[in-house]
Amino acid sequence: MNFDFETPPDRRATDSQKWQKYAGRDVLPMWVADMDFRSPPALIEALHRRVDHGIFGYARPVKSTVDAVVDALAQRYGWRVEPSWLVWLPGLVVGLNVTTQAFAAPGDEVLTLTPIYPPFMSAPKNSGRVSVQVPLVLRPAAGPAPASWEIDWDALERAVTPRTKLFFLCNPHNPVARVWRRDELTRLAEFCLRHSLILCSDEIHCDLILDSAQTHVATATLSPEIAARTITLMAPSKTYNVPGLGTSLAIIPDPMRRAQFVRATAGIVAEVTALGFTACEAAYRDCEPWRQALLATLRGNRDFLVDFVAHELPGVTIDAPIEATYLAWINVSALNLADPVAHFEKHGVGLSDGAFFGVPKGQYVRINFGCTRATLAEALRRMKSALGSR
Ligand SMILES: Cc1ncc(COP(=O)(O)O)c(C=O)c1O
């Protein structure tokens, strides 16, 4: 079956957060992480059927929804999840905040690796906990091995104090697009076990592995010991482009920790909606051909982007391979711009500021390449002309 990843949808006059930011201006929004693609046809059809039912009372997941999640995790990642381990959430950012409040007391510390998706740093601060950030290091290319963002294990050890309670992992990692290898995850798991840390593994991008030589390793599959300390956060939202339907999951094998997590949600976390459950079930069960076609499109976009940056954007670099996600971390430090995002906006491209991800302003921007090739090409053409007028 052919899917359409070439016709740009017109989102300008819609409820889209991404497009509203530049309403009335000729700026292509390449920032917030949703894609300018329609969701899979099978998912849209499932929603139509649910809407036709016409009743939208308080919802609970039906067995077929739970089965769709459990089966997908078993098939894709060899992870045998019990239905009772699932805690439904309206979003992963909610999950990060709930995890913080459930497993760290005010003043306790939450470790993470930067640059990182901003809520990893703000969730602890939101409730009087402390975010402790350990920068990733860029290992230079050596022979056939390309450059790579790596964990600074010594710095990580040094960052631990008696108040460290939690480790927030992004697997795969937004924004550097790393797929963590089994040996790295095993070492991280040992680190968490040794320091009695709860490991919160945000795996929202796990179905978007672009490097065909790599596979996603679900952190909780490493060992029963690490599963017992892991809160895994997942969602169909990134892959099937349904973040506006607010449907996510925490997967918590340990019953005591699950109860602790659920207690922290009581009365303040909204229920997942009927349409969200419908979309989730269809996504995980009926949309695998679409996901494969999406991955082919994203791989093509990634290659186009990498090639364009290398040949057409002097002074701009992508430091390491983009192994996953539809987000690229772009080094603009050689341009010496005080505010690169403002500069590119002036030339019609809306990027995310690297400073939000925990690096100094002026060094990096993030681009979202989850769009048609034509849109990506136009954005890059605008970036090229922006370079000419500094
Ligand atoms: C790593 C990561 N976690 C969570 C989210 C957002 O999750 P949600 O919209 O479910 O709160 C994003 C969105 O970009 C993300 O990249």
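Please treat every number below as a calculation from the coordinates, not as lab data. Here the structure is a predicted model, which is why all the values come from computation and not from measurement. Cβ placement follows ideal geometry from the backbone for every residue including glycine, while neighbour counts extend to all protein chains displayed.
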Taking the dipole about the Cα centre of the chain, with the C-beta of Lys and Arg at +1 and of Asp and Glu at -1, give me whichever of Gly388, Leu136, Ala102 is farthest to the positive side.
Ala102
Just to confirm the filter: which trypsin sites (Lys or Arg not before Pro) across region 293-388 are DSSP coil and have at most 14 other Cβ within 10 angstrom of their Cβ?
Lys361
What residues qualify as long-range amide H neighbours of Asp36, i.e. H under 5 Å apart, gap of 5 or more or another chain, H built at 1.01 Å from N?
Cys371
5 Å binning of all Cα-Cα separations within region 1-137, expressed as whole percents from 0 upward
2, 7, 10, 11, 14, 17, 18, 13, 7, 2, 0
For a paramagnetic label modelled at 7 Å from the Cα of Lys384 toward its Cβ, which residues of region 305-326 fall within the zone defined by backbone nitrogen distances under 18 Å?
305-318
So how strong a dipole does region 46-286 carry about its Cα centre when Lys and Arg Cβ are +1 and Asp and Glu Cβ are -1, to the nearest 20 debye?
360 debye
Selected from Phe369, Met121, Phe344, residue furthest toward positive end of dipole (the chain; charges at beta carbon)
Met121
Within 10 Å, count the other beta carbons around each residue, average over each peptide in 134-141, 63-70, and list them highest first.
63-70, 134-141
Restricting the calculation to Cα positions, tell me the Rg (one decimal) and the Dmax (whole number) of region 46-286 in Å.
18.0, 61
Region 318-366, Rg to Rh (Cα coordinates; Rh as Kirkwood inverse mean 1/r):
0.96
Tell me, what is the percent relative contact order of the chain, built from C-alpha pairs under 8 Å that lie six or more residues apart?
24 percent
Value at 222 nm in deg cm²/dmol, rounded to 500, when DSSP H runs of n ≥ 4 in the chain each add -39,500 (n - 2.57):
-12000 deg cm²/dmol
What residue among Ala266, Tyr58, Pro90 has its Cα farthest toward the positive end of the dipole of the chain, where the charges are +1 on Lys, Arg and -1 on Asp, Glu, each on the Cβ?
Ala266
Sites removed, the longest contiguous part of the chain containing no DSSP-loop GluC sites (Glu not before Pro) with at most 15 other Cβ within 10 Å is 7-270
Dimensionless Rg/Rh of region 78-144, both radii on Cα and Rh by Kirkwood, sits at 1.13
Inter-label distance for Asp339 and Asp183, nm, one decimal - labels placed 7 Å from Cα along Cα-to-Cβ:
4.5 nm
Please give the charge dipole size of region 254-390, origin at the Cα centre, charges +1 on K and R Cβ atoms and -1 on D and E Cβ atoms. Round to the nearest 20 debye.
180 debye
Please find the FRET efficiency linking Ala74 to Asp4, where r is the Cβ-Cβ separation and R0 is fixed at 22 Å, and quote it to the nearest 0.05.
0.10
